[in-house]
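J.: Sharing a structure below in structure tokens format, with a few things to ask.
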Amino acid sequence: MVAPFPRIAEQGNESPSVIIVDGKNTANQELRPCCGATFYTLEQAVTKQPIQTPDAPQAIGTYSQAIRAGNTIYLSGQIGLDPATMQVVTGIEAQIHQVFRNLRAVATAAGADLADAAKLTVFLTDLAHFARLNEIMAEYLAAPYPARSAVGVSQLPRGALVEIEAILVKG
């Protein structure tokens, strides 16, 4: 079988390799993606871009509010912190609403929206709040809903009752 791409010998490695940059292979042949694949420039494929907004609570540790890598945006977990006061709001309902407002603010700063959410991970200190979480979540997201995991935990930072992180896919 003849490979459609040129063979590139790497030091001590005789297996076929292909380098694709800007939609062309090493023989400068135009390539088109298939099977749902996406071509990225070299910078897009290897660059992480931090996302920062004053409209969501500032990071209270060594992390970014979000990171964009290609067309995927990884939102750090948000708790019910009011970004203006940096205090946790009171009560589970208020915290869930604040978490979704914080996530929406970070998504917007990344040029995305909560509708781009592919996966949510929810952490609850009391799984009895799960039904209320579902009701409130429907106010911020529409079908098709993202994939989701819910985990019961013993405690969260700052005594929060809920934390949610998200993975968004844009484009």
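J.: Could you please find all residues in segment 136-171 being of a type in the set (D, E, K, R), at pLDDT 95 or above and surrounded by 11 or more Cβ atoms within 10 Å (Cβ to Cβ)?
T.: Our first condition is that a residue be of a type in the set (D, E, K, R); within segment 136-171, this holds for 139, 148, 158, 163, 165, 170.
Subsequent filtering for residues that are at pLDDT 95 or above retains 139, 148, 158, 163, 165.
Once the filter is applied, which keeps residues that are of a type in the set (D, E, K, R), at pLDDT 95 or above and surrounded by 11 or more Cβ atoms within 10 Å (Cβ to Cβ), segment 136-171 yields ARG148, ARG158, GLU163, GLU165.
J.: Right, something else. State which residue is surrounded by the most Cβ atoms within 10 Å (Cβ to Cβ) when the search covers only segment 64-92 and only residues that are of a type outside the set (A, V, I, L, M, F, W, C), within 18 Å of the chain's Cα centre (by Cα) and at pLDDT 95 or above.
T.: Applying the first criterion (of a type outside the set (A, V, I, L, M, F, W, C)) to segment 64-92 yields 64-65, 68, 70-72, 74, 76-78, 80, 82-83, 85, 87, 90-91.
Now narrow it down to the ones that are within 18 Å of the chain's Cα centre (by Cα): 64-65, 68, 70-72, 74, 76-78.
Right, trim to at pLDDT 95 or above and you get 64-65, 68, 72, 74, 76-78.
Details: SER64: 16, GLN65: 22, ARG68: 20, THR72: 14, TYR74: 17, SER76: 19, GLY77: 19, GLN78: 27.
Looking at residues that are of a type outside the set (A, V, I, L, M, F, W, C), within 18 Å of the chain's Cα centre (by Cα) and at pLDDT 95 or above, I get GLN78.
J.: Next up: Please verify whether GLN98 is in contact with a Leu (Cβ under 8 Å, 6 or more places away or on another chain) and in contact (Cβ under 8 Å) with a residue 60 or more places away in the chain, treating the condition exactly as stated.
T.: Numbers: in contact with a Leu (Cβ under 8 Å, 6 or more places away or on another chain): yes; in contact (Cβ under 8 Å) with a residue 60 or more places away in the chain: no.
When the stated conditions are applied, GLN98 does not pass them.
J.: Among (1) at pLDDT 95 or above; (2) not in a loop (DSSP other than H, G, I, E, B), which single condition is GLN44 missing?
T.: Only one criterion in (1) at pLDDT 95 or above; (2) not in a loop (DSSP other than H, G, I, E, B) is unmet by GLN44, namely (1).
The values are calculated or read from the model by the stated rules, or taken from the named source; none is laboratory data. Everything numeric in this text was worked out from a predicted model, so none of it was measured. Ideal geometry is used to build each Cβ from the backbone, glycine not excepted, and the neighbour counts take in all protein chains shown.
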